[in-house]
Each structure stands twice: as structure tokens, then as C-alpha cells.
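*Asks:* This is the structure I want to talk about, given as C-alpha cells.
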Amino acid sequence: MGVCIMLSGTYGLLITIAFGQIAFAPGANAKFYNVVTYDNCKHMENSAARLSMVKVFGKPDAIELSATLDVVREIEPPVHLQLYVKRCNLQKEACETYEHISMEDVCSKIESNPILHKYMDIFTPPLSCPLKKGRYVAEKSELKLQMLQMFPIENAFWQMEFRFLDKHNQTMQCDFVEIAVTDKQ
């Protein structure tokens, strides 16, 4: 894999951008994001959507993304997010729970934010709420990430699990990501 910011499925890429505060230091030089692991969670057997063929390449303050998202059953709002974040040193040792974030009704937040909404258009066809069954493809789509520089983050090895829940709190999709954040490529 290449260099990137956090990446997750269905609405996860957008949530990643929204919660990108775990990726930049204020006033700092550009950060580099080495995606070490991206995978669907091992404990998920009946996902409503799964990302595959994920390729991410980084540049300072931007990434290039290619991925396929297969949605096997419609995902209707409200969609809720549970994000679990662990921070480790760059040697992948001394890991600690860093954050647990919950977000209710992800779709309403995306639809009301033009910056987040534009990231839905990187897929063909564009992602939407509700998310219809089908295949969605992003092909070498560039995402500018300078807006995230206002948020604090130090260099570290980050482990994240994104869980997307339906209105009954049943997990529809789960993604696991590991990223090394450094000042240099």
C-alpha cells in the first residue's frame, strides 16, 4: 500500500475526513500517511457493504484513492458510526486506547456539509443516502486534505476500527485500518 489518511468503507471515507483531526498538527509541515493495513473486520460475516481493491497513494496534504465498494443490501438512514482509535509508538509497541467516537445519523451530517458531500462524488456512481445496492468504483481520485491541518496530531502508529450501525444498532459494515503518521515520506 502507499501513503494515505484513514480510509474506511461505505461512508467511512467521509467519516475519516470528518474525524481527520487525528491526522494533522496545526501550522506544521505536511504529514505523510503510510497505510500499513486496510481490511474488512475479521469478525464481520454478513456485511451490507465491503470495500476491495483498495489502493492509496499519498502526497503531502493529499491522497489518491482507487477502490471498489460492493453494496449487497441497501443501507438506509439513520446510519450511526462507532470509531475506536488506538495510538502506538511508531514501532507498534506501547499501544493505548486513544479515543472512542460515536456519531448519530451520519447521512444528515454529510448531506448538510458541502465539503464532506463532495467526497461522495469520488465514486462512480456517487455515494448517496440511502446507499443503493450495487458496485461503486473510485479510480485514482485525488482528495485534498489541507483543511485538516488545523487539527492536532503527533507522529504515531494508529489503529482504527470503524463500525457502521443501523437503527437497531446492528453492525452493517466494519473496517480495520492501521496507519503510520510521520513528518517524512
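The values are calculated or read from the model by the stated rules, or taken from the named source; none is laboratory data. The model shown is predicted, which means the values in this text are computed figures rather than measured ones. Glycine gets a Cβ as well: all are built from the backbone with ideal geometry, and neighbour counts include every protein chain shown. We work out accessible area using only protein heavy atoms, side chains counted, and drop any ligands, DNA or RNA first. Shrake-Rupley method; radii C 1.70, N 1.55, O 1.52, S 1.80 Å.
*Asks:* Would you mention how many residues in the stretch 110-120 are of a type outside the set (Phe, Trp, Tyr) and either in contact with a strand residue (DSSP E or B) (Cβ under 7 Å, 6 or more places away or on another chain) or closer than 14 Å to ALA67 by Cβ (or both)?
*Replies:* The total comes to 1.
*Asks:* Within the group CYS88, CYS129, CYS107, which residue is within 20 Å of MET160 (Cβ to Cβ) and either open to solvent by less than 80 Å² (accessible area, probe 1.4 Å) or not hydroxyl-bearing (Ser, Thr, Tyr) (or both)?
*Replies:* Step by step, each of CYS88, CYS129, CYS107 is checked, and only CYS88 is within 20 Å of MET160 (Cβ to Cβ) and either open to solvent by less than 80 Å² (accessible area, probe 1.4 Å) or not hydroxyl-bearing (Ser, Thr, Tyr) (or both).
*Asks:* Turning to a different aspect of this structure: Give all pairs with beta carbons closer than 6 Å in which a residue from the stretch 161-174 that is open to solvent by 30 Å² or more (accessible area, probe 1.4 Å) and modelled with pLDDT of 90 or more meets a residue that is of a type in the set (D, E, K, R) and not in a loop (DSSP other than H, G, I, E, B); count only pairs at least 6 apart in sequence or on separate chains.
*Replies:* Cβ pairs passing all conditions: THR171/ARG163.
*Asks:* Suppose the filter is charged (D, E, K, R), more than 24 Å from ASN46 (Cα to Cα) and surrounded by fewer than 20 Cβ atoms within 10 Å (Cβ to Cβ); does ASP70 pass it?
*Replies:* No.
*Asks:* Looking only at the stretch 105-121, decide whether some residue is farther than 26 Å from VAL36 by Cα and assigned to a strand (DSSP E or B).
*Replies:* So far as the stretch 105-121 goes, no, none of its residues is farther than 26 Å from VAL36 by Cα and assigned to a strand (DSSP E or B).
*Asks:* Further, regarding this structure: Taking the stated definitions as given, is SER108 touching a residue at least 12 places away in the same chain (Cβ under 8 Å), in contact with a His (Cβ under 8 Å, 6 or more places away or on another chain) and small (Gly, Ala, Ser)?
*Replies:* Criteria not met by SER108.
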